[in-house]
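Just below is one structure, and these are the notes that go with it.
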Amino acid sequence: MAAPASPDSAVKQRIVIENCAIATVDADDTEYAGGHVVVADNVIESVGAGKAPEGLANVVRRIDGTGHLVTPGLINTHHHFYQWITRGLATDHNLFNWLVALYPTWARIDAAMLTAATHGSLGMMVKGGVTTASDHHYVFPRGAGDLVGAELAAVADIGARITLARGSMDRSEKDGGLPPDFAVETTEGALLGTEEAIDKHHDSSFGSMVHIAAAPCSPFSISTELLREGAALARRKGVRMHTHGSETVEEEKFCHELFGMGPTDYFESTGWLGEDVWMAHCVHMNDSDIAAFARTKTGVAHCPSSNARLAAGIARVPDMLAAGVPVGLGVDGTASNESGELHTELRNALLINRLNPVHREAALNARQALRLGTYGGAQVLGRTGEIGSLEPGKLADLVLWKLDGLGHSSIADPVTALVFGPAAPVTLSLVDGKPVVEDNHLTNIDEDAIARSTRAEAQRLARIAAEG
Ligand SMILES: [Zn+2]
């Protein structure tokens, strides 16, 4: 009988990165001023100070990381990819007025538009160091075809990991909701579509590239029945749950008028607090709301730029972290955050939380901001065993940031340079051990072709929407 293969001979290929600064974002925030990372196939084999161990077999690539910082790949926890082709519209509106202005256009989206928009949204984020993204897609016009399938194919073109939150809306104007009647699904249709997406695409295995979550859109666009049934479906299937919550004062007023309680109490009454739930925004939270999130371990996707763009307010992130609430970062849809970058959200999270007079300069520091964008994201997406920190045995999702160029070279501390400085160039980004960015460009798709197709699809959508 043959001896069991040693771990070393079982490895097909190794990538060695040396001479770089490393921020592991592990439980102790371990950092190395000069260290190495060894990637064995799709997992991290070793991380540490100094050079990589000698005598490693099957090294296919050895990278001199001088002048660079290596971090875990960034994790985006809230987005609406389709909005890439409706950027720059309704630029001076609050949330409700902005939604009412855009719903009629969004209701005309089709599979070709969603493909282009996914390439644009995800391409932009991956180019900036995102390795796992979540997309909340909740617009399913009748006759639009297999939008979930189209989006997942476009994600695979780029090579990132995805949690596709299959959204839905079934409360339209006729039921006291915000969207027009033609923009929503039936309750049954929404539940069936969600179940189909889970059955067809959700992969819960270690290293999965695709998770599906159940994600009714927001209290003002979904029925109480859809919330309750959506939660039951998600828990029956063992998938995570996502929605928007406590985003604006108008939403809070809406909940009090329709349900006789605030958003957090309403979510709790419908089964929507729990460690399998994460919610976008959570701006208007009182002490008892934060305590409820902490008690139930409900996660938060903090979207500082979108909250500023729509004048929604400042989420109480320092209070949430102090209470033990899991918090990640989100770009949000690019119709309310046109830059579409997650790496600049690290800085914006830090700066905007310091504008809250309660905590001021002690609100967040650079390391906390990096943690929000990495490990915090893994927490809210339920994947801390796989991604979010650089530790042996975890998946090889990592970014090599170039910090010796004009934008960063005069800042001594690399994490400070990354968070406080301009958007840092990405020399290399790996997902599952495979390059998705090399020398600041996407490796799997032609960026100029995306630029052309997104422009063409944005123009086609605008034309169709104008025809009515
Ligand atoms: Zn959103």
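Taken over segment 430-464, residues that are buried (at least 17 other Cβ atoms within 10 Å of the Cβ) and of a type in the set (Asp, Glu) amount to 2.
When Val70 is tested against (1) within 26 Å of Val11 (Cβ to Cβ); (2) surrounded by fewer than 24 Cβ atoms within 10 Å (Cβ to Cβ); (3) in contact with a Leu (Cβ under 9 Å, 6 or more places away or on another chain), just one condition goes unmet, and that condition is (2).
The numbered conditions (1) more than 24 Å from the chain's Cα centre (by Cα); (2) surrounded by 15 or more Cβ atoms within 10 Å (Cβ to Cβ) are all true for Met209 except (1). If you go through segment 79-95 and keep only what is within 21 Å of the chain's Cα centre (by Cα), under 20 Å from Ala301 (Cα atoms) and not in a helix (DSSP H, G or I), you end up with His79, His80. Those helices (runs of 4 or more DSSP H) of segment 359-468 in which at least 1 residues are farther than 21 Å from Ala23 by Cα, considering only elements entirely within it, cover 447-467. For Glu467, the conditions (1) buried (at least 16 other Cβ atoms within 10 Å of the Cβ); (2) acidic (Asp, Glu); (3) at pLDDT below 95 all hold with the exception of (1).
Counting only helices (runs of 4 or more DSSP H) wholly contained in segment 238-328, the ones carrying 2 or more residues that are over 17 Å from the mean Cα position of the chain (by Cα) and among the β-branched types (Val, Ile, Thr) occupy 287-296. In the set Ser410, Ser336, only one residue is under 16 Å from the mean Cα position of the chain (by Cα) and either within 16 Å of the ligand (Cβ to nearest atom) or among the polar types (S, T, N, Q) (or both); that residue is Ser336. Scanning segment 273-311 for residues that are within 16 Å of the ligand (Cβ to nearest atom) and closer than 27 Å to Glu225 by Cβ yields a total of 11.
The condition of being farther than 27 Å from Leu273 by Cβ and either surrounded by fewer than 24 Cβ atoms within 10 Å (Cβ to Cβ) or touching a His at 6+ places or on another chain (Cβ under 6 Å) (or both) holds for only one of Thr344, Thr296, that being Thr344. Could you check, for segment 339-350, whether at least one of its residues is acidic (Asp, Glu), away from the ligand (no atom under 15 Å from the Cβ) and under 30 Å from Asn440 (Cβ atoms)? There is at least one residue in segment 339-350 that is acidic (Asp, Glu), away from the ligand (no atom under 15 Å from the Cβ) and under 30 Å from Asn440 (Cβ atoms). The set of residues from segment 62-78 being in contact with a Gly (Cβ under 6 Å, 6 or more places away or on another chain) and not in a strand (DSSP E or B) comprises Thr77, His78. Answer with yes or no whether Leu227 is assigned to a helix (DSSP H, G or I) and either within 26 Å of Val325 (Cβ to Cβ) or within 16 Å of the ligand (Cβ to nearest atom) (or both). So Leu227 fits the description; yes.
Residue selection: Ala234 satisfies the criterion of being away from the ligand (no atom under 16 Å from the Cβ) and either in a strand (DSSP E or B) or within 29 Å of Lys200 (Cα to Cα) (or both). Here is the figure for segment 246-280: residues that are crowded, with 20+ Cβ neighbours inside 10 Å and touching a His at 6+ places or on another chain (Cβ under 6 Å) total 4. Of the candidates Ile290, Ile314, the single residue that is closer than 25 Å to Thr334 by Cβ, at pLDDT 95 or above and touching a helix residue (DSSP H, G or I) at 6+ places or on another chain (Cβ under 7 Å) is Ile314.
The values are calculated or read from the model by the stated rules, or taken from the named source; none is laboratory data. Only a predicted model underlies this, so the values are computations on that prediction, with no experimental measurement involved. Every residue, glycine among them, receives a Cβ derived from its backbone with ideal geometry; neighbour counts consider all protein chains shown.
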